[in-house]
Amino acid sequence: MLTIFVAVGSFVAFIVAYNTYGQWLGQRIFALDDTRIVPSHELRDDVDYVPTRRSVVFGHHFTSIAGTGPIVGPAIAVFWGWLPALLWVVFGSIFIGAVHDLGALVVSLRNRGQTVGEIAGRVISPRAKLLFLLILFFALSIVIAIFGLVIAAIFDIYPQSVLSVVMAIPVAVAVGLLVYKARVGLLWPSLAALAILYGAVYVGVYDERFQLTLSPIEALGAYGTPTLQWTALLLVYCFLASVLPVWLLLQPRDYVNSHQLLVALALLVAGLVVAGLTGKTDLAGSAPAVATNVPIDAPPIWPFLFVTIACGACSGFHCLVSSGTTSKQLACESDARYVGYGSMLLEGALAVIVILACCAGLGIGVQDKSTGQMLTGEAAWQSRYPSGGVTSIAADGSEVTIGGWASLGLGQKVAAFVDGGANFVASLGIDIQLAIAIIAVLVACFAATTLDTATRLQRYVIQELGTTVHLSPLTNKYVATTIAVGVGGAIALLPGPKGPGSGGLILWPLFGAINQLLAGLAFLVLAFYLRRRSIATWFAVLPMCLMLIMPAWAMTYQVIFEFWPKQQWQLVAFGLAILGLEAWMIAEGLATWRRANGVLEEGLPPLRSLAASGGRSC
């Protein structure tokens, strides 16, 4: 029953927060007003700026911010116990993450859809803009490299998930054309698309002919592995998704995927309830509330809990989605609370489910397909999260020996959620193989939406950098997208810890701290925006301090105690560079803070013509 109590209590807290704190922010602080002209109308071009109903934007925004972050982060953090992870997810989502996302969205809405990096140049200083954009470029390059690898790894481990994920692309294009060109209502195309995608999941599980796999290309040697082939194909897809009109592929795919993902989440919650009521789950017996036997190679819970769980509590990547793509699609200002604050709370709910799946769900059992041996309770949990060198059951059913925290790869962390979540779904009487495929598709779809959105965001960042440094070729969307895909692909193709194609893993240890640093800097921009209008800033300044101190502390620890002793000089250099950029930007803020009170920033230049759409509001 503890599992059900934790889930229900968390969900109730999110609902109450949305209707109290979220409402206070929307009405009293940001004064959301539907009479204001929003960027989607003012700058409408039907490519990036497209007025869209809030349910569709919600689907795009939620799937873009979620990715595998709320899956991998909590799956790692339960090392310290499920209770610290749960508390950070619930309270972090309500008072930090949702405020961050909503604030970035509103500030961008009132600055013609500009990203927070570009807005920083006007509300703080021109140098702050360049510093912010450089940090964004570095972070997004890692995201593109890593998420391509994650999806490729999922396709390789779970070939039954490929068909549904691939089918989502032509299905999304069909939905986009039906809705925007044929003017067909959204309901029936989206329901038909949902049926097709879940039908593809079923076919992928029970008909091996449709379990799409790639054979190694011998002529390319180590660079011809299936994982690298999938990575290359995904990057080609990302280029197309970035340059095509948002309504044709990105938006309908995310909308349809959001329905697919919500169905999977509903199955998870229902399975959790059934498993809890029937006594199959024992949260207290499967994993410790607060761990006392932490692996010796694990970093300290302070400050690493706050950079390990990002998505699901607070993530700097979200400010890029809010100000990069979402602000260009909202049709009304009042939709900002529903999309910005509400999506973050739903992601927090997902993170809660992941924590329970990786603890209570995994404790139901993990089976070795080769021997038929079933591990349950704490033994099943320890098989995925060992405190020392133990034999573990890999996602493919084989036995592998792993040696603690440092040896756990991304695949094992994702597999913990897939196995635990599938156990919940199987509690409903669904075949375990179908349940595994449903959860694997859930993970792959989340990762895919983050990957293509990150590519589009990187294109915006490169274009803004081009404007800032007066390099006009960079402002071309095709040139910018080519650079975005090229840099991300080059990082991914570098020989890394797992050979060619895992180059993104070299820089991955830096990403947690950099990502949370972005959140702190986004709060800094928000605080300046409010201060210049003489609006209360305490609710932004307090989270800002937390999200600046914790990642700086974590990165300093990594540089001194991890990277330097191991002579990982590239990580030392990048870590020190990021710390230097952070210190410089904070110094820019401190120098400007006192004289910013009540002094509005320089206004945006007038438009050549007030939008082809006539500059309509709602």
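The values are calculated or read from the model by the stated rules, or taken from the named source; none is laboratory data. Nothing here was measured: the structure is a model prediction, and the numbers come from that model. As a convention, Cβ positions derive from the backbone with ideal geometry for all residues, glycine included, and neighbour counts pool all protein chains shown.
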**OP:** Within segment 1-52, track down each residue that is aromatic (Phe, Trp, Tyr) and closer than 14 Å to Leu345 by Cα.
**Re:** Phe11, Phe14, Tyr18, Tyr21
Original post:
From the list Ala437, Ala416, Ala380, which one is touching a Lys or Arg at 6+ places or on another chain (Cβ under 7 Å), at negative phi and either at pLDDT below 85 or crowded, with 16+ Cβ neighbours inside 10 Å (or both)?
Top reply: Ala416
**OP:** Consider Thr481 carefully, then state whether it is under 27 Å from Leu350 (Cβ atoms) and among the hydroxyl-bearing types (Ser, Thr, Tyr).
**Re:** no
Subject >> Condition met for Ile578 (more than 26 Å from the chain's Cα centre (by Cα), under 28 Å from Leu105 (Cβ atoms) and aliphatic (A, V, I, L, M)) >> reply: no
Subject >> Which listed residue, of Ala275, Ala270, Ala289, is at pLDDT below 85 and of a type in the set (Gly, Ala, Ser) >> reply: Ala275
Original post:
Out of segment 34-70, which residues are small (Gly, Ala, Ser) and assigned to a helix (DSSP H, G or I)?
Top reply: Ser40, Ser55, Gly59, Ser64, Ala66, Gly69
**OP:** Return the total of residues in segment 423-480 being farther than 19 Å from Leu140 by Cα and not in a helix (DSSP H, G or I).
**Re:** 8
Original post:
Does Ala222 count as of a type in the set (A, V, I, L, M) and in contact with a strand residue (DSSP E or B) (Cβ under 7 Å, 6 or more places away or on another chain)?
Top reply: yes
Original post:
Which residues, taken from segment 175-189, are small (Gly, Ala, Ser) and at pLDDT 85 or above?
Top reply: Gly176, Ala182
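Residue-wise test of (1) of a type in the set (Val, Ile, Thr); (2) more than 25 Å from Gly121 (Cα to Cα); (3) surrounded by fewer than 21 Cβ atoms within 10 Å (Cβ to Cβ).
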position: Ile514; (1), (2), (3): yes, no, no
position: Trp538; (1), (2), (3): no, no, yes
position: Glu562; (1), (2), (3): no, yes, yes
position: Lys566; (1), (2), (3): no, yes, yes
position: Trp569; (1), (2), (3): no, yes, yes
position: Ala577; (1), (2), (3): no, no, yes
position: Leu581; (1), (2), (3): no, no, yes
Original post:
Among the residues of segment 298-320, is there at least one that is surrounded by fewer than 19 Cβ atoms within 10 Å (Cβ to Cβ), on the phi > 0 side of the Ramachandran plot, part of a loop (DSSP other than H, G, I, E, B) and not β-branched (Val, Ile, Thr)?
Top reply: no
Original post:
Which one of Ile506, Ile535, Ile549 is part of a loop (DSSP other than H, G, I, E, B) and of a type in the set (A, V, I, L, M)?
Top reply: Ile535
**OP:** Would you please list the contacts, defined by Cβ atoms under 9 Å and residues six or more apart or on different chains, that run from a residue in segment 166-185 that is under 11 Å from Gln251 (Cβ atoms) to a residue that is part of a helix (DSSP H, G or I) and among the β-branched types (Val, Ile, Thr)?
**Re:** Ala172/Val256; Val175/Val256; Val179/Val56
Original post:
Got a sec? Which of Val16, Val47 is at pLDDT 95 or above and either surrounded by fewer than 18 Cβ atoms within 10 Å (Cβ to Cβ) or acidic (Asp, Glu) (or both)?
Top reply: Val16
**OP:** Mind listing whichever residues of segment 90-130 are over 30 Å from Phe5 (Cα atoms) and of a type in the set (A, V, I, L, M)?
**Re:** Ala104, Leu105, Val106, Val107, Leu109, Val116, Ile119, Ala120, Val123, Ile124, Ala128, Leu130
**OP:** Output yes when any residue across segment 117-128 is surrounded by fewer than 24 Cβ atoms within 10 Å (Cβ to Cβ), in contact (Cβ under 8 Å) with a residue 40 or more places away in the chain, over 30 Å from Ala416 (Cβ atoms) and β-branched (Val, Ile, Thr), and no when none is.
**Re:** no
**OP:** Kindly check whether there is at least one residue in segment 59-79 that is surrounded by fewer than 24 Cβ atoms within 10 Å (Cβ to Cβ) and modelled with pLDDT of 85 or more.
**Re:** no
**OP:** For segment 577-589, indicate whether the set of residues that are in contact with a Lys or Arg (Cβ under 7 Å, 6 or more places away or on another chain) and touching a residue at least 24 places away in the same chain (Cβ under 8 Å) is non-empty.
**Re:** yes
